[in-house]
């Protein structure tokens, strides 16, 4: 009987170890595979990457790293990160009040669900949002033009603010014309050869360009162009209309002409815009307007403007700060981590900070108060560093990201999390649950990221 019990115990212990090793291996794979893929992509030439992003590189194109360092100002950004992180770490370590080992969770990469590329082409969205249409069509702005493209062409009622700002800036800087940007939406690879209804195309395209249906009551003046030359001819007629040219001229941009590439991939167009910006940054000096920043003297003279800057930053970029703290956004123009994954990662962080039953939590008493003050000071220093870099004509803080607060995250969790929450039974159980949950979450997100990339 005793031997049977011992064998059963060893069998259960072996099964438990197998599960732990399996979870750890799965976690390692979800980390190693994306890192390896990113490295292989980084040493490819553009033609290789866009031709087949999953193929092995033909050679080692190290010039990519030189271009990123010089053209994209990675040196400046790295210096900023080093300064902010060093200050935060110095204040964190100088508290001298934490006796337990601080543990930090793994951050995850982002994903979003793939969009359906085979949506039936309609003149207007299947379920029009009259309130939103009135908003984006009521006022002629470049921002509303971009939103109309997303709404009437992609049926996207809530495009990412960073994407909208990206295209608005590209038009203002002359890196892309309104005509070419509209072409990348209307004549994307999945839509270029899908137009058969001239009325539907005119309705969709004219709403996107002008915020109104030019064929309403006057279809005979437009439909023959579609019958003669298809959607391309019809689109050329639209953006060459006097009303269209004058509308964009009033916004300070030239409507432009179509690109020779049909179809035109919007992702490729975005890469070209970023390349143009990188090239321009190495050949030109800083704008005079950017030299006037939020210095201490300027802040004292303009306290209201400073407060409004923080308010606009919180409203417009708050979601970006929350995402980037847990790895919810890889770069400027890419997929974002779905809010469900963001919530799960924050829950895992909160669970990691829960006390074990019977454990003596430190810091406590006055020491806890001092730690809270130190954490707040670290966060203020990170924000202040970005504030001093922000030109006075900017609407939001320049360069602030959630990752700047990572050095103080352990201190914030240990001092600010309510301690009367339900505690975990023991440390081993908590670690097992945390590792298993983290492995499963990361595996799911990596799969979704790959699917999103393939869909693109």
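The values are calculated or read from the model by the stated rules, or taken from the named source; none is laboratory data. None of the values given here were measured: they were computed from a predicted structure. We place every Cβ from the backbone using ideal geometry, glycine too, and count neighbours over all the protein chains shown.
Scan 274, 316 and give me the residue that is assigned by TED's automatic domain parsing to the domain that holds residue 396 and surrounded by 14 or more Cβ atoms within 10 Å (Cβ to Cβ). Before the answer, list the steps.
Working: 274 fails: assigned by TED's automatic domain parsing to the domain that holds residue 396.
None of the others qualify; the one that does is 316.
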Practice task
Could you check, for segment 124-132, whether at least one of its residues is surrounded by 20 or more Cβ atoms within 10 Å (Cβ to Cβ) and in contact (Cβ under 8 Å) with a residue 24 or more places away in the chain?
Solution key: no
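Do we find that residue 148 is modelled with pLDDT under 90 and either assigned to a helix (DSSP H, G or I) or touching a strand residue (DSSP E or B) at 6+ places or on another chain (Cβ under 7 Å) (or both) in this structure?
Details: modelled with pLDDT under 90: no; either assigned to a helix (DSSP H, G or I) or touching a strand residue (DSSP E or B) at 6+ places or on another chain (Cβ under 7 Å) (or both): yes.
It is false that residue 148 is modelled with pLDDT under 90 and either assigned to a helix (DSSP H, G or I) or touching a strand residue (DSSP E or B) at 6+ places or on another chain (Cβ under 7 Å) (or both).
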Exercise for the section: Among the candidates 257, 267, 203, 242, single out the residue that is in the same structural domain as residue 152 (by TED's automatic domain parsing), touching a helix residue (DSSP H, G or I) at 6+ places or on another chain (Cβ under 8 Å) and on the phi < 0 side of the Ramachandran plot. Expected result: 257
Practice task
Quickly run through segment 356-391 and pick out the residues that are touching a helix residue (DSSP H, G or I) at 6+ places or on another chain (Cβ under 6 Å) and part of a loop (DSSP other than H, G, I, E, B).
Solution key: 363
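When the residues of segment 155-176 are narrowed to those that are part of a loop (DSSP other than H, G, I, E, B) and touching a helix residue (DSSP H, G or I) at 6+ places or on another chain (Cβ under 7 Å), which ends up nearest to residue 315 (Cα to Cα)? Reasoning before the result, please.
Quick first cut of segment 155-176, residues part of a loop (DSSP other than H, G, I, E, B) only: 155-160, 173-176.
Subset that is touching a helix residue (DSSP H, G or I) at 6+ places or on another chain (Cβ under 7 Å): 156-157, 159, 175-176.
Details: 156: 21, 157: 18, 159: 16, 175: 28, 176: 28 Å.
The qualifying residue nearest to residue 315 (Cα to Cα) is 159.
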